[in-house]
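Presented below is the structure to which this report refers.
Values in this text are rule-based calculations from the coordinates and carry no lab data. Just so it is clear, the model here is predicted, and its values are computed rather than measured. Because the Cβ atoms are built from the backbone with ideal geometry, glycine has one as well, and the counts that use them run over all protein chains shown.
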Amino acid sequence: DTEVTQTPKHLVMGMTNKKSLKCEQHMGHRAMYWYKQKAKKPPELMFVYSYEKLSINESVPSRFSPECPNSSLLNLHLHALQPEDSALYLCASTQLAGTDTQYFGPGTRLTVL
Amino acid sequence: SQQGEEDPQALSIQEGENATMNCSYKTSINNLQWYRQNSGRGLVHLILIRSNEREKHSGRLRVTLDTSKKSSSLLITASRAADTASYFCATDGANSKLTFGKGITLSVRP
């Protein structure tokens, strides 16, 4: 199984809402990543988890809160977002933290009204 | 900051033709990867080439790496309409981070 799954596929939320994005992989990978991608732009790294511990936070605003409950799951909790946070949010995993092949999920299309 | 810069930014070809995309980068690397992204979807890994390799093949894909020029090229032979997508090069950097280039939009006309 070389699949990374993400739910939901689409999410529309108001600026006062609290929502969560979920990512799951069953490849035994020990590093997981969150990226944000705006239209016609490359993915931008947000967070890296290695062995369920946060290893990189790319100065992401605190309205984004990542969580790694176990080695297969990665969540991104959203609270008080702004319209400019609307984007495609991508999850990825690698066997170990490093820069070898990243396996990406299909993404969650987030719209903040 | 972006490490890789692809060239051209957009490419339109006829089905059956070859597509060549270039990527230049600025600092030394351990490896360089190419990814494909269909519209609004996740990225799919195509190929990884290490700094001590000069050329690599995978099916209809051929990747070259010239570390002296800090550049790589991706060749897709006998293109198909299904190859229509955005293509990104990605270079490794400090702290387990991949840095993606701006991307190339490839359109293959049937």
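Things to note:
Matching residues to (1) over 27 Å from B:Ile47 (Cα atoms); (2) out of contact with any Pro (no Cβ under 9 Å at 6 or more places or on another chain); (3) aromatic (Phe, Trp, Tyr); (4) without any contact (Cβ under 8 Å) to a residue 40 or more places away in the chain:
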{"site": "A:Ser20", "(1), (2), (3), (4)": "yes, yes, no, no"}
{"site": "A:Gln37", "(1), (2), (3), (4)": "no, no, no, no"}
{"site": "A:Lys40", "(1), (2), (3), (4)": "no, yes, no, yes"}
{"site": "A:Lys53", "(1), (2), (3), (4)": "yes, yes, no, yes"}
{"site": "A:Ser65", "(1), (2), (3), (4)": "yes, yes, no, yes"}
{"site": "A:Pro69", "(1), (2), (3), (4)": "yes, yes, no, yes"}
{"site": "A:Pro83", "(1), (2), (3), (4)": "yes, yes, no, no"}
{"site": "A:Gln102", "(1), (2), (3), (4)": "no, yes, no, no"}
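- If the condition is being over 21 Å from A:Gln25 (Cα atoms) and either among the β-branched types (Val, Ile, Thr) or touching a Ser or Thr at 6+ places or on another chain (Cβ under 6 Å) (or both), then the stretch A:68-109 contributes only A:Ser86.
- Unmet criterion (only one of (1) surrounded by fewer than 21 Cβ atoms within 10 Å (Cβ to Cβ); (2) part of a strand (DSSP E or B); (3) touching a helix residue (DSSP H, G or I) at 6+ places or on another chain (Cβ under 8 Å)) for A:Ser65: (3)
- The single condition among (1) within 12 Å of chain B (Cβ to nearest Cβ); (2) surrounded by 19 or more Cβ atoms within 10 Å (Cβ to Cβ); (3) under 24 Å from B:Glu6 (Cα atoms) that A:Glu58 does not meet is (2).
- Remark: B:Ser58 falls outside the filter, which requires a residue to be closer than 29 Å to B:Glu15 by Cβ and either acidic (Asp, Glu) or more than 14 Å from every other protein chain (Cβ to nearest Cβ) (or both).
- Among residues of the stretch A:82-102 being under 20 Å from A:Pro8 (Cβ atoms) and at the interface with chain B (Cβ under 7 Å from one of its Cβ atoms), the one that is surrounded by the most Cβ atoms within 10 Å (Cβ to Cβ) is A:Leu90.
- Residues that are of a type outside the set (D, E, K, R) and surrounded by fewer than 23 Cβ atoms within 10 Å (Cβ to Cβ), drawn from the stretch B:77-91: B:Thr77, B:Ala78, B:Ser79, B:Ala81, B:Ala82, B:Thr84, B:Ala85, B:Ser86
Let's see how each residue does on (1) assigned to a strand (DSSP E or B); (2) in contact with a helix residue (DSSP H, G or I) (Cβ under 9 Å, 6 or more places away or on another chain):
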residue	(1), (2)
B:Thr20	yes, no
B:Thr27	no, no
B:Arg36	yes, yes
B:Leu46	yes, no
B:Glu53	no, no
B:Leu65	yes, no
B:Lys69	no, no
B:Ala90	yes, no
